[in-house]
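Heads up, the thing below is written out as structure tokens.
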Amino acid sequence: MINSWEIIKELESNNSRLFKEDIIEKNLNYKEFQEGLAMCLDPLVTFGVKQVPESEKNGNGLNWEDFKNSANLLIERESTGHAARDLIINLMNLSKEDQWNNWYRRILIKDLRCGVSEKTVNNVAKKMNLKFRVPVFSCMLAHDGAKHPKKIKGDCLVEYKYDGVRVVAIVKKNKATLYSRNGKIFNNFAHIENALSKPEYNNFVFDGEVMSDDFQALMKQVYRKSGANTEDAYLALFDMLPLKEFNEGRSKLNSLERKQELNKLSKTFGSEIKLVDYEIINFDNEQGQEKFSEMNKEALEKGFEGLMIKPSNNYYECKRSHAWLKIKPFIEVTLKVIDIQEGTGKHEGKLGAFSVEGEDDGKFFSLSVGSGLTDEQRDMYWADKDRLIGRLIEVRADAITKSIEGDHFSLRFPRFKNFRGFEKDEKI
């Protein structure tokens, strides 16, 4: 039987995906190799150690069961601190040099260094009809709210979308581990780890963004191997749920109930942890729409990445979900229709675009608006085109731009929102 570290060296020898899958397929029924892959590639299996030395001498060899039993002491945090360090040195001294450096050590540092991920292993296991799978880390991700406007209705929690580094913190046995959205472990935020490494946070998952006054500087520090300077960073939390529910892939509490639980726990947080502010907005009434517009304007002014909309009765799901909808900050202006343009191609004989102009917030705009219209609206407005001249429409866009020709303003990616008023030039 080939040794596991020899399989790793063979996987390192060729970058071809098919080559790697073939090597894995030949060896995946080998118990030690299978269990080692799972231990290394499962993001939720951690050993609580950051420094694992390389070996420079040959021991007599360490069998898999003995290594696995010792590794479980680290996983369960029954061996920590100096005891964990001494345990690792003892395991290294017992192991053969290649066995340690190319297999056991790589498991402990959570990096096989051979171009193999959990996705690769799972694809091979599926092809082989094996029940074995490496658990895949999955947190909640948002859909683009602009593509799902019908989902934005009723009472919703609305938050400012921070421009930081997404972090999912999992606390087990008084120790917090910080993960990226893809399950990679962050090791450069020790002060945030320490702030969450408390008994009262055990078996909870905290979801948020690590923030800093200088985002670009922060990004340079995130994955540094040593000497990272992240002392000014803090964790802006927007969600939490029990670890059991996270592992099951769905929360039992809805968005508003989880916020309430997070608010209760926030009294115990230090300065390294802050809560993301939110408003509850009813999108079904005019007051709610006005509040949303105010928040959008503030998001633009304060440089937020946008807004997050979370229907209050929805649940945390470990996948991309409509329970979270992200909206980029947008500009809204009210302009007068001065001409109707016929469409071309599939829109021939229908409305192509509105020519609009007018003053809004002290700026004079002149542009064409052809996006944001349904086929039904294009037919209807073209049939009634003569009555639309002089009417006011709301236009939504990403930003205000200066026109190349003339001294007026235009809009980047303008989109038709709706008509305003029922009489010519009447604003309501």
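Filter region 9-50 for residues that are part of a helix (DSSP H, G or I) and among the basic types (Lys, Arg) and give the result.
Of all residues in region 9-50, those part of a helix (DSSP H, G or I) come to 9-12, 17-27, 31-41.
Passing the criteria: 9, 17, 20, 26, 31.
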Exclusive hit being surrounded by 14 or more Cβ atoms within 10 Å (Cβ to Cβ), more than 16 Å from residue 113 (Cβ to Cβ) and in contact (Cβ under 8 Å) with a residue 40 or more places away in the chain, set 48, 36: 48
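Go through region 318-366 and tell me which strands (runs of 3 or more DSSP E), entirely inside it, have 2 or more residues that are in contact (Cβ under 8 Å) with a residue 60 or more places away in the chain, out of contact with any Asp or Glu (no Cβ under 9 Å at 6 or more places or on another chain) and not aliphatic (A, V, I, L, M). Talk me through it step by step, then tell me what you get.
Working: elements: 320-327, 331-342, 351-360.
In region 318-366, 320-327 are the strands (runs of 3 or more DSSP E) which contain 2 or more residues that are in contact (Cβ under 8 Å) with a residue 60 or more places away in the chain, out of contact with any Asp or Glu (no Cβ under 9 Å at 6 or more places or on another chain) and not aliphatic (A, V, I, L, M).
With the structure loaded, tell me whether residue 154 is surrounded by fewer than 22 Cβ atoms within 10 Å (Cβ to Cβ) and on the phi > 0 side of the Ramachandran plot or whether it fails that test.
Numbers: surrounded by fewer than 22 Cβ atoms within 10 Å (Cβ to Cβ): yes; on the phi > 0 side of the Ramachandran plot: yes.
For residue 154, the condition - surrounded by fewer than 22 Cβ atoms within 10 Å (Cβ to Cβ) and on the phi > 0 side of the Ramachandran plot - is met.
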Considering only residues that are in contact (Cβ under 8 Å) with a residue 60 or more places away in the chain and part of a loop (DSSP other than H, G, I, E, B), look in region 274-312 and name the one that is farthest from residue 410 (Cα to Cα). 312
Being in contact with a helix residue (DSSP H, G or I) (Cβ under 6 Å, 6 or more places away or on another chain) and at pLDDT below 95: is that true of residue 327 here? yes
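Look through region 51-88, keep the residues that are in a loop (DSSP other than H, G, I, E, B), charged (D, E, K, R) and under 35 Å from the mean Cα position of the chain (by Cα), and return whichever of them is modelled with the highest pLDDT. Working first, answer last.
Step one: filter region 51-88 for residues in a loop (DSSP other than H, G, I, E, B), giving 51-63, 76-80.
Next, from what is left, pick out any that are charged (D, E, K, R): 54, 56-57, 76-78.
Cutting the leftovers down to under 35 Å from the mean Cα position of the chain (by Cα) gives us 54, 76-78.
Numbers: 54: 97, 76: 92, 77: 90, 78: 93.
Looking at residues that are in a loop (DSSP other than H, G, I, E, B), charged (D, E, K, R) and under 35 Å from the mean Cα position of the chain (by Cα), I get 54.
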Scan region 176-189 for residues that are over 14 Å from the mean Cα position of the chain (by Cα) and without any contact (Cβ under 8 Å) to a residue 40 or more places away in the chain and jot them down. 176, 186
Which one of 119, 151 is under 25 Å from residue 205 (Cβ atoms), modelled with pLDDT under 95 and assigned by TED's automatic domain parsing to the domain that holds residue 52? 119
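Please verify whether residue 394 is in contact (Cβ under 8 Å) with a residue 40 or more places away in the chain, among the charged types (D, E, K, R) and either part of a strand (DSSP E or B) or out of contact with any Phe, Trp or Tyr (no Cβ under 9 Å at 6 or more places or on another chain) (or both), treating the condition exactly as stated. Can you show your working first?
Details: in contact (Cβ under 8 Å) with a residue 40 or more places away in the chain: yes; among the charged types (D, E, K, R): yes; either part of a strand (DSSP E or B) or out of contact with any Phe, Trp or Tyr (no Cβ under 9 Å at 6 or more places or on another chain) (or both): yes.
For residue 394, the condition - in contact (Cβ under 8 Å) with a residue 40 or more places away in the chain, among the charged types (D, E, K, R) and either part of a strand (DSSP E or B) or out of contact with any Phe, Trp or Tyr (no Cβ under 9 Å at 6 or more places or on another chain) (or both) - is met.
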Conditions (1) over 28 Å from the mean Cα position of the chain (by Cα); (2) surrounded by fewer than 19 Cβ atoms within 10 Å (Cβ to Cβ): number failed by residue 11: (2)
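Against the condition of a type in the set (Asp, Glu), without any contact (Cβ under 8 Å) to a residue 24 or more places away in the chain and surrounded by fewer than 19 Cβ atoms within 10 Å (Cβ to Cβ), how does residue 214 come out, does it pass? Step through it out loud before you land on a result.
Details: of a type in the set (Asp, Glu): yes; without any contact (Cβ under 8 Å) to a residue 24 or more places away in the chain: yes; surrounded by fewer than 19 Cβ atoms within 10 Å (Cβ to Cβ): yes.
Criteria met by residue 214.
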Please find, within region 209-253, the residue that is farthest from residue 168 (Cα to Cα) out of those that are among the acidic types (Asp, Glu) and either outside any loop (DSSP other than H, G, I, E, B) or at pLDDT 75 or above (or both). 213
Pairing a residue in region 223-250 that is surrounded by 14 or more Cβ atoms within 10 Å (Cβ to Cβ) with any residue that is modelled with pLDDT under 95 and of a type in the set (Ser, Thr, Tyr), where Cβ atoms lie under 7 Å and the two sit 6 or more apart in sequence or on different chains, gives 233/212; 236/162
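Okay, residues lined up against (1) crowded, with 19+ Cβ neighbours inside 10 Å; (2) closer than 23 Å to residue 23 by Cα:
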{"residue": "63", "(1), (2)": "no, yes"}
{"residue": "67", "(1), (2)": "yes, no"}
{"residue": "86", "(1), (2)": "no, no"}
{"residue": "109", "(1), (2)": "no, yes"}
{"residue": "113", "(1), (2)": "no, yes"}
{"residue": "125", "(1), (2)": "yes, yes"}
{"residue": "133", "(1), (2)": "no, yes"}
{"residue": "141", "(1), (2)": "no, no"}
{"residue": "145", "(1), (2)": "yes, no"}
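The values are calculated or read from the model by the stated rules, or taken from the named source; none is laboratory data. Everything quoted here is computed from the prediction, not taken from an experiment. Reconstructed Cβ throughout: ideal geometry from the backbone, glycine too, with neighbour counts over all protein chains shown.
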